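These notes are about the structure you will find just below.
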Amino acid sequence: MLTAVLVTVVLPVVLLAILAGLPWWLPARVVALRVRVFERINGDEGIPVPGDLVPVERFEQVYAHPAAGGRSKGAALSDVFWYWLSPGPEMHQEHLEAGGAYDAVARLTRRMLAVRRAEAEELARRCAGRALRDVRGLVRLRDLMIPLWAEFSYELVFAEPCPREARDLIAGNAADVAASLKCTSLRHMGRRDRLNAYLLRNLHRVRLPLPDGLTPRQQAYYLHGAFFTTAVVQMSEAMAHLLLALARHPAVQERARKSDDRYLDQVMAETMRLYPLFGIAHRITTGDIELDERTTIPAGSVLCFNYPAFHHAGCPDPDRFDPDRFAGPGAKDLNHIPFGVAANRPCPAWRLAPIVMRAVTREVLGRYVLDSSVTHTRSMPHRGPCLLTPRGAPHRPGRALAYLRVRDRWEDVWRSLVQLVLGTYMVWDARRLRLCERHFASDAPENTHAHPGSRHSS
Ligand code: HEM
């Protein structure tokens with residue numbers, strides 16, 4: 001009798017209770033496990049900054065040190081980034097070592113991004129108008145933003161309206177890179193190679209002369225990396241964070257809608273402080289860095305600059321979303337480097353990105369009331385679920401928000417397991433392929449080097 005009660009009543013109740021509790025404890029444990037697995041595979045080559053060796057007070061000084069200049073060569077971590085940014089990571093501006101090729105592409109990127117403010121705003125508004133046409137109800141903000149920034153980048157590079165074919169290729173590539181970086185999907189080299197083939201066919205239509213020291217394939221890889229991967233992924237991610245923060249903080253949203261750009265700038269700054277796009281940027285030291293008489297970071301060390309840790313340090317109540325912290329005199333004392341440090345390869349879009357983000361945010365706020373009840377983390381693997389209600393339409397988000405909250409919790413359980421499995425596989429696969437290490441081990445000059453990033457692995 002007792003056994004029957006145990007099997008038919010107690011056991012199901014216990015199992016149900018465990019199952020119902022999963023969303024509250026499993027995702028965090030799986031994330032912690034993923035971090036441990038990654039550390040295990042990657043080894044302990046990196047020096048965390050800030051950390052035991054470099055205190056937070058010296059973070060910017062060490063980042064800006066002339067010897068903190070190596071970008072890819074000599075770090076196992078680079079194999080992982082090259083894998084995620086294939087094809088053509090060897091021509092991606094972010095990962096090129098200093099030298100003639102780097103100087104040439106960095107110069108061209110600066111020229112491409114040197115658009116007049118009014119023109120940039122107008123282009124951003126036009127792209128937003130198209131992306132938002134007929135959109136309402138539940139959306140994923142990153143998915144909404146990717147086609148917008150695909151068209152924006154295309155016009156920046158080609159100075160003509162973006163054809164449907166190109167927009168789909170660019171958006172497919174960016175979504176694939178973003179998903180694989182977050183380990184919610186494997187990389188799909190077919191999508192990426194198709195975009196590259198398109199760029200190769202259309203190099204002659206780029207609005208500025210491409211560096212003639214590069215082969216056509218290298219030119220296509222450069223454009224692919226800087227403008228059709230990094231620009232689209234970063235802008236979509238930054239806007240998804242900004243809009244999700246506004247959706248989760250209705251009072252901030254209302255104030256941003258009514259205020260001038262100063263308040264919106266504070267909201268952007270606070271969003272990028274709390275959710276910086278870079279988790280870690282690494283550098284390989286090209287010479288010794290002397291910290292004091294007894295401590296030297298030797299040449300060849302891998303420095304891992306931790307943006308979230310730096311942004312949190314010294315900030316009162318650092319996890320609270322509070323745009324007003326950027327209003328007072330204390331703002332200048334906050335650790336805040338959303339676009340990197342000026343002395344060491346900062347983001348070339350540091351001027352343009354806030355201008356066009358502001359313009360697109362105004363378009364969105366002018367058309368919709370935003371609501372969301374999902375969690376907001378830096379990696380945002382859920383792509384920013386959000387309810388868009390056209391302004392002037394009845395606004396009763398209660399039921400949709402309750403649904404979003406429950407769905408988000410449960411999706412998190414499944415997603416965290418997917419991330420663990422796919423992430424482990426990709427980091428292992430990247431270390432197996434050793435794209436970066438093999439590139440630098442090869443004797444072939446840059447121009448004739450085989451393109452290791454094109455190897456298919458999924
Ligand atoms: C809000 C949007 C963006 C943010 C927050 C951002 C952030 C950053 C940061 C922090 C770095 C420096 C990383 C390091 O020190 O290793 C960087 C580098 C870079 N970013 Fe951005 N970025 C954004 C948008 C863009 C856009 C629109 C482009 C367009 C081309 C772009 C292209 C690059 C490139 C090429 C680099 C490498 C620079 C170099 O090594 O010379 N970024 N970005």
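Here, each number is a calculation from the coordinates, and none is a lab measurement. Source: prediction; values computed, not measured. Note: ideal-geometry Cβ built from the backbone for every residue, glycine included; neighbour counts use all protein chains shown.
The table for this structure:
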quantity: FRET efficiency, A331 to R351 (Cβ-Cβ, R0 22 Å, nearest 0.05); calculated: 0.70
quantity: Residues of segment 387-429 with amide N under 20 Å of the 7 Å Cα→Cβ point at E254; calculated: 387-402
quantity: Extension gain from R58 to V413, taking 0.36 nm per residue of separation minus the Cα-Cα distance; calculated: 123.9 nm
quantity: Full-extension gain in nm, A197 to A159, via 0.36 nm per residue minus C-alpha separation; calculated: 11.7 nm
quantity: Over the chain, relative contact order from alpha-carbon pairs under 8 Å, at least 6 apart, %; calculated: 29 percent
quantity: Loop-exposed trypsin sites (Lys or Arg not before Pro) per DSSP, neighbour cap 10 Cβ within 10 angstrom, longest uninterrupted part of the chain; calculated: 134-293
quantity: Estimated 222 nm signal from helices in the chain, with DSSP H stretches of n ≥ 4 weighted -39500 (n - 2.57), rounded to 500; calculated: -17000 deg cm²/dmol
quantity: Gain upon complete extension [E45, F321; 0.36 nm per residue less C-alpha separation]; calculated: 96.0 nm
quantity: Relative contact order (percent, whole number), segment 306-362, Cα cutoff 8 Å, 6+ residue spacing; calculated: 29 percent
quantity: Efficiency of FRET from Cβ geometry, D103 and D288, R₀ 25 Å, rounded to 0.05; calculated: 0.50
quantity: Sequence-distant aspartates and glutamates (8 or more away, or on other chains) whose Cα lies within less than 18 Å of K182; calculated: E39, D79, D143, E237, D408, E411, D412, D429
quantity: Cα→Cβ-extended label distance, 7 Å offset, between V7 and L186, nm; calculated: 4.2 nm
quantity: Relative contact order, percent, segment 167-319 [alpha-carbon distance under 8 Å, six or more residues apart]; calculated: 15 percent
